[in-house]
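J.: First the structure, which I've put down as structure tokens, then a few questions once you've had a look.
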Amino acid sequence: MKKLIQAVILILVFYLILKVGIPALGSFLHHGTWPVVPTALMRIYMFFVVAGVLLYLTFNEESAKELGKPIKEIYGSPEKGGLRMIVIAIIALFGGYVTYQNVKPSFEAPIELRSIHPAPPSSVEMWGKTYNLMTLTNPFRADKANYEKNAKEGGIVFFKNCFYCHGDKLDGKGHYYSGVSPLPANFVDVGTIAQLQESFLFWRIGTGGPGLPKEGAPWRSAMPIWQHFLSEEEIWKVILFLYDYTGHSPRTF
Amino acid sequence: MGKKGFKLILGVLFTVIFIYSSVVFAEQGDKDNGKKIYEKKCWWCHGEKGEGNGPAAEFLNPPPRDFTLGVYKYKSSPPGQVARDEDIFRIISDGMPGTMLGTAMPAWKDVLSEKDRWDLVAYVKSMTDLFQTEKASGEISLGSAVSSSEESINKGKEAFKKAKCFECHGENGKGDAIKKLKDDWGFRVWPRNLTKPWTFRAGSEPKDIFTRVSVGIPGTPMPAFADPKSETKLTDEERWHVVNYVKSIADDTKKLKEGEIVVKAKYVEGNLSEDVHAPEWNNAPPTAYQLVPQIIAKERFFKPTIDGVTVRALFNDKEIAFLLEWDDRTKSVPGDADAEKLSEGEVFEDAIAIQLPTSIPEAMQKPYFGHGDKEMGVNQWYWSSGSTSGAQTVKVIDSTGLGSGKARDTAKTDVKGKGEYKAGVWRVILKRSLTTANAKDELQFEAGKFIPIGVASWDGSNGEKGSKHTMTTWYWVLLEPKAGSKVYTYPAAAIIVLVVGQLWFARGMRKEYEK
């Protein structure tokens, strides 16, 4: 009996980690969110969990026997006829319930996975010029003497063009943020510009949503094609500002 | 001394320190530190000298506060007095709720310490001489709050009439003004739509509403109804009734519900009515979408008046009908004198459109949400409100990318539309047959499949025409799949299989057990 209870508890613990633990961790990292594991992924995880637990508990014959003993007793023992009927009924009804859940009409929106930071191309064409993204650097970063001035000018570009979505606090929560999907990037977060090279930002800003490769779902992103509105210089300055304001450093390798 | 006593003293000590520190921060806010923070975080909107003219100001409606006059719209001091420090502190800390309609003021309490926020209060107060000579006596008296009841709501409704609130806020509180209002800075202001409490700038708790009704909104036409000098003064009790009335008219079907992005089209037997008030619509669940201005392609647009649309859908064996409902303070009829009086510039038609892909996407890929792309096109059903010289019209536009849209020959579409404007609300029905002969270029509806949908809206009295409009990105519409018999047969089959299987297993076990 002990082994069977152990198996049930183990599976339950893993289930709770996936169901509650992961969203809680997400909520801790990104305040105000509750990122649940998608159902499809949950099924795959649970398959491995159940398989893993069974493997672990049946790794030798003895423990496999112990695990199977209560099952054998319930189904086989002549004294346990009543319990047997109850167990058979519960399992059958549970199976019926799961089937019903799967065939009943569902209104849950499909989950659309997209790559948030897809691999950049090696070069990109903007304003009729070709830029090699492998070697491209921010010309204003080297200009130490005018750094403050350039960053401030970048800030003005930001507050004339970007802040309605990316927010006054650069946290991705501008006053229109909730009306677009995917949500605007949060630059304060360690998972965005802190992980990226400046040339990557230059490409993302310059070509906008439609410049994304297919894995980035270009048909959904509301990011405008900024080369239509801004000059090369303005884009580099706004990039300088994003790092200056948030205190992050661009990745250089 | 016991452990309990020690804890008590510690608690009291902390409370005293906490209160004392707030008082100290409030009274001795460090202006110079405030200035430093201001120059890093605030000037972008409020301007270098606090004149409300930072680089972002021209893109904001309402505009950022001008601190040089010392007039604060959201305050809790008695009428005629300057704002309390706590009022300024509150807005800095909590921002302005209802940021959807262009109020960009965020809550700063998660990035600035309490001391920093008090220092900012000291700094912005120093931008005018007003606070050197004047000081608020305290918070306005709240009287004794009246809890909500049918009786109180009715009394509130009467007070709403008596105090002429409807002259600006409209008969039904939709803010459908019959006046063109301006604030003291010369900016156009719109009376609040009272049925959307989540857009109230300084909170929608009963106390917040009571305070606003009592002291008004300085600098705007909203008067102080607690002002003894006012002709339309309301007593404390009457103002609490107004609070309960305002609370009672909230329209939750217009409120965004997180994660609810699917329009659930319900199946109905028989004909689909073209009447926007047909009782069938009560069975169609409402889905509210936020509308944001078109800020993606030229020519961009930043000052919308409409912030959302609620979509419902019904279908029968032949047709599908969408009901689009949105609050619009103005019925925009080109050529109409009343409409012209209220309009910002030339009056254009009000309009709404839904966008659908030309076919149900098989995989994740959809057409670009802005008018489609070369790989996948879109159909747009566009309804406009008509003018004094022309009736309402419906067009179908086929598009494969921005600027490529072509209105289809009216003979080649059976999309029908009909709209009604009533007391600050547009309700428009757009209807089409589920399938058409033109399957190549036109979406064929199918129950049980998620179909991308987008919405765009134009307020013709707000200069909205062409690319100047509000919009959504892609959401979904799902025609409720007919439940069919499998909902019952599959679970039943599962139960039978499991019972038989287990009995068979038990027989095997019994044999083994007996051994």
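J.: Looking at the stretch B:408-425, which of the residues that are in contact (Cβ under 8 Å) with a residue 24 or more places away in the chain and in a strand (DSSP E or B) is farthest from B:A177 (Cα to Cα)?
T.: Only one residue tops the list, namely B:K416.
J.: Still on this structure: Residue check, B:D350 against (1) in contact (Cβ under 8 Å) with a residue 60 or more places away in the chain; (2) buried (at least 17 other Cβ atoms within 10 Å of the Cβ); (3) on the phi > 0 side of the Ramachandran plot, all met but one. Which one?
T.: Every condition holds for B:D350 apart from (3).
J.: Of everything in the stretch B:235-277, what is buried (at least 18 other Cβ atoms within 10 Å of the Cβ) and part of a strand (DSSP E or B)? Give them in sequence order.
T.: Listed by number, the residues that qualify are B:V262, B:V263, B:K264, B:A265.
J.: Can you name the residue in the stretch B:282-318 that is within 13 Å of chain A (Cβ to nearest Cβ) and among the charged types (D, E, K, R) and, of all such residues, is nearest to the chain's Cα centre (by Cα)?
T.: B:D307
J.: If you don't mind, there's one more thing I want to ask. So, in the stretch A:55-69, exactly how many residues are away from chain B (no Cβ under 14 Å) and closer than 26 Å to B:K515 by Cα?
T.: So the first thing to find is which residues in the stretch A:55-69 are away from chain B (no Cβ under 14 Å), and the list is A:55-64, A:66-67.
Subset that is closer than 26 Å to B:K515 by Cα: A:57-64, A:66-67.
Counting residues in the stretch A:55-69 that are away from chain B (no Cβ under 14 Å) and closer than 26 Å to B:K515 by Cα gives 10.
J.: For the stretch B:424-483, give me the residue count where each residue is among the aliphatic types (A, V, I, L, M) and within 14 Å of chain A (Cβ to nearest Cβ). Spell out the reasoning first.
T.: Looking only at the stretch B:424-483, we keep the residues that are among the aliphatic types (A, V, I, L, M), and these are B:425, B:428-430, B:434, B:437, B:439, B:443, B:447, B:451, B:453, B:455-456, B:471, B:477-479, B:483.
Imposing the further condition that a residue be within 14 Å of chain A (Cβ to nearest Cβ) reduces the set to B:447, B:451, B:453, B:455-456, B:471, B:477-479, B:483.
Adding up the residues that qualify gives 10.
J.: Going by the conditions given, is B:E464 surrounded by 22 or more Cβ atoms within 10 Å (Cβ to Cβ), of a type in the set (D, E, K, R) and on the phi < 0 side of the Ramachandran plot? Spell out the reasoning first.
T.: On the way: surrounded by 22 or more Cβ atoms within 10 Å (Cβ to Cβ): yes; of a type in the set (D, E, K, R): yes; on the phi < 0 side of the Ramachandran plot: yes.
Criteria met by B:E464.
J.: Could you list all residues from the stretch B:105-131 that are within 14 Å of chain A (Cβ to nearest Cβ) and β-branched (V, I, T)?
T.: B:V111
J.: Go through the stretch A:150-172 and give me each residue that's basic (K, R) and farther than 20 Å from B:P63 by Cβ.
T.: Residue satisfying the conditions is A:K152 alone.
J.: Return the residues of the stretch B:356-399 that are part of a loop (DSSP other than H, G, I, E, B) and surrounded by 20 or more Cβ atoms within 10 Å (Cβ to Cβ); say none if nothing qualifies. Spell out the reasoning first.
T.: We begin by selecting, within the stretch B:356-399, every residue part of a loop (DSSP other than H, G, I, E, B); these are B:358-377, B:385-386, B:388-389, B:391-392.
Answer for the stretch B:356-399, where residues must be part of a loop (DSSP other than H, G, I, E, B) and surrounded by 20 or more Cβ atoms within 10 Å (Cβ to Cβ): B:T358, B:K366, B:P367, B:Y368, B:F369, B:G370, B:H371, B:G372, B:D373, B:G377, B:S385.
J.: Right, another one. Which ones in the stretch B:400-428 are surrounded by fewer than 17 Cβ atoms within 10 Å (Cβ to Cβ) and touching a Ser or Thr at 6+ places or on another chain (Cβ under 8 Å)?
T.: B:K406, B:D414
J.: Would you mind telling me which numbered condition in (1) buried (at least 20 other Cβ atoms within 10 Å of the Cβ); (2) over 25 Å from the mean Cα position of the chain (by Cα); (3) among the hydroxyl-bearing types (S, T, Y) B:T232 fails?
T.: (1)
J.: So B:G335 clears everything in (1) closer than 26 Å to B:A423 by Cα; (2) surrounded by fewer than 20 Cβ atoms within 10 Å (Cβ to Cβ); (3) at pLDDT 95 or above except one condition, right? Which one?
T.: (3)
J.: Scan the stretch A:28-38 residue by residue and report those that are within 14 Å of chain B (Cβ to nearest Cβ) and either basic (K, R) or closer than 21 Å to A:E108 by Cβ (or both).
T.: A:T33, A:W34, A:P35, A:V36, A:P38, listed by residue number.
J.: Only one residue in A:V157, A:V180 is buried (at least 17 other Cβ atoms within 10 Å of the Cβ) and more than 7 Å from chain B (Cβ to nearest Cβ). Which one? Give the derivation first.
T.: Working: A:V180 fails: more than 7 Å from chain B (Cβ to nearest Cβ).
Of the residues listed, the single one that is buried (at least 17 other Cβ atoms within 10 Å of the Cβ) and more than 7 Å from chain B (Cβ to nearest Cβ) is A:V157.
J.: Can you tell me which residues in the stretch A:161-172 are within 7 Å of chain B (Cβ to nearest Cβ) and under 19 Å from B:G308 (Cβ atoms)?
T.: Correct list: A:Y164 only.
J.: Among the residues in the stretch B:434-449, are any in a strand (DSSP E or B), in contact with a strand residue (DSSP E or B) (Cβ under 8 Å, 6 or more places away or on another chain), of a type outside the set (K, R) and over 18 Å from B:D398 (Cβ atoms)?
T.: So the first thing to find is which residues in the stretch B:434-449 are in a strand (DSSP E or B), and the list is none.
Among the residues of the stretch B:434-449, not one is in a strand (DSSP E or B), in contact with a strand residue (DSSP E or B) (Cβ under 8 Å, 6 or more places away or on another chain), of a type outside the set (K, R) and over 18 Å from B:D398 (Cβ atoms), which makes the answer no.
J.: Something else: Among the residues of the stretch A:200-224, how many are within 10 Å of chain B (Cβ to nearest Cβ) and within 22 Å of A:F140 (Cα to Cα)?
T.: First pass over the stretch A:200-224, keeping only residues within 10 Å of chain B (Cβ to nearest Cβ): A:208-210, A:214-215, A:217-224.
Now drop any that are not within 22 Å of A:F140 (Cα to Cα), which leaves A:208.
Residues flagged as within 10 Å of chain B (Cβ to nearest Cβ) and within 22 Å of A:F140 (Cα to Cα) within the stretch A:200-224 amount to 1.
J.: Could you list, in sequence order, all residues of the stretch A:70-79 that are in a helix (DSSP H, G or I), within 11 Å of another protein chain (Cβ to nearest Cβ) and either surrounded by 15 or more Cβ atoms within 10 Å (Cβ to Cβ) or not β-branched (V, I, T) (or both)?
T.: Within the stretch A:70-79, the first condition is being in a helix (DSSP H, G or I), and the residues that meet it are A:70-76, A:78-79.
When the remaining residues are screened for being within 11 Å of another protein chain (Cβ to nearest Cβ), the result is A:71-76, A:78-79.
Selection gives A:K72, A:E73, A:I74, A:Y75, A:G76, A:P78, A:E79.
Yes/no per residue for (1) touching a Cys at 6+ places or on another chain (Cβ under 9 Å); (2) crowded, with 18+ Cβ neighbours inside 10 Å; (3) more than 14 Å from every other protein chain (Cβ to nearest Cβ):
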| site | (1), (2), (3) |
| --- | --- |
| B:K40 | no, no, no |
| B:S76 | no, yes, yes |
| B:G80 | no, no, yes |
| B:D85 | no, yes, yes |
| B:T133 | no, no, yes |
| B:S148 | no, no, yes |
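J.: For B:I429, work out the one condition from (1) closer than 30 Å to A:V98 by Cβ; (2) assigned by TED's automatic domain parsing to the domain that holds B:L272 it doesn't fulfil.
T.: With (1) closer than 30 Å to A:V98 by Cβ; (2) assigned by TED's automatic domain parsing to the domain that holds B:L272 applied to B:I429, the lone miss is (1).
J.: Taking B:S399 as meeting all but one of (1) touching a residue at least 40 places away in the same chain (Cβ under 8 Å); (2) of a type in the set (S, T, N, Q); (3) within 14 Å of another protein chain (Cβ to nearest Cβ), write down the number of the exception.
T.: Failing condition for B:S399: (1).
J.: Let me ask another. Does the stretch B:476-491 hold any residues that are of a type in the set (A, V, I, L, M, F, W, C) and touching a helix residue (DSSP H, G or I) at 6+ places or on another chain (Cβ under 7 Å), and which are they?
T.: Kept after step one, since they are of a type in the set (A, V, I, L, M, F, W, C), are these residues of the stretch B:476-491: B:476-479, B:483, B:487.
Listed by number, the list holds a single entry, B:V487.
J.: If you don't mind, another one. Show the residue pairs meeting these rules: Cβ distance below 8 Å; 6+ apart or different chains; first residue within the stretch B:256-268 and at the interface with chain A (Cβ under 10 Å from one of its Cβ atoms) and touching a residue at least 40 places away in the same chain (Cβ under 8 Å); second residue basic (K, R) and in a strand (DSSP E or B).
T.: What qualifies is B:V263/B:R312.
J.: Sticking with this structure for a sec: Output the residues belonging to the stretch A:80-94 that are within 24 Å of A:K69 (Cβ to Cβ) and either under 36 Å from the mean Cα position of the chain (by Cα) or facing another protein chain (nearest Cβ under 7 Å) (or both). Don't jump to the end; show me each part of the working.
T.: Here is the first cut: in the stretch A:80-94, the ones within 24 Å of A:K69 (Cβ to Cβ) are A:80-92, A:94.
Residues satisfying the conditions are A:R84, A:I88, A:I91, A:A92, A:F94.
J.: Identify all residues within the stretch B:49-74 that are away from chain A (no Cβ under 11 Å) and among the acidic types (D, E); write none if there are none.
T.: B:E51, B:D66, listed by residue number.
J.: Additional query: Are any residues in the stretch A:98-125 within 7 Å of another protein chain (Cβ to nearest Cβ), farther than 30 Å from A:E198 by Cα and not β-branched (V, I, T), and if so, which ones?
T.: First, pick out the residues of the stretch A:98-125 that are within 7 Å of another protein chain (Cβ to nearest Cβ): A:99-100, A:103-105, A:107, A:109-110, A:112.
So of that shortlist, the ones also farther than 30 Å from A:E198 by Cα come out as A:99-100, A:103-105, A:107, A:109-110.
Matches in the stretch A:98-125: A:Y100, A:K104, A:P105, A:F107, A:A109, A:P110.
The values are calculated or read from the model by the stated rules, or taken from the named source; none is laboratory data. Bear in mind the structure is a predicted one, so any value in this text is a computation, not a measurement. Glycine also receives a Cβ, built like all others from the backbone with ideal geometry; neighbour counts cover every protein chain displayed.
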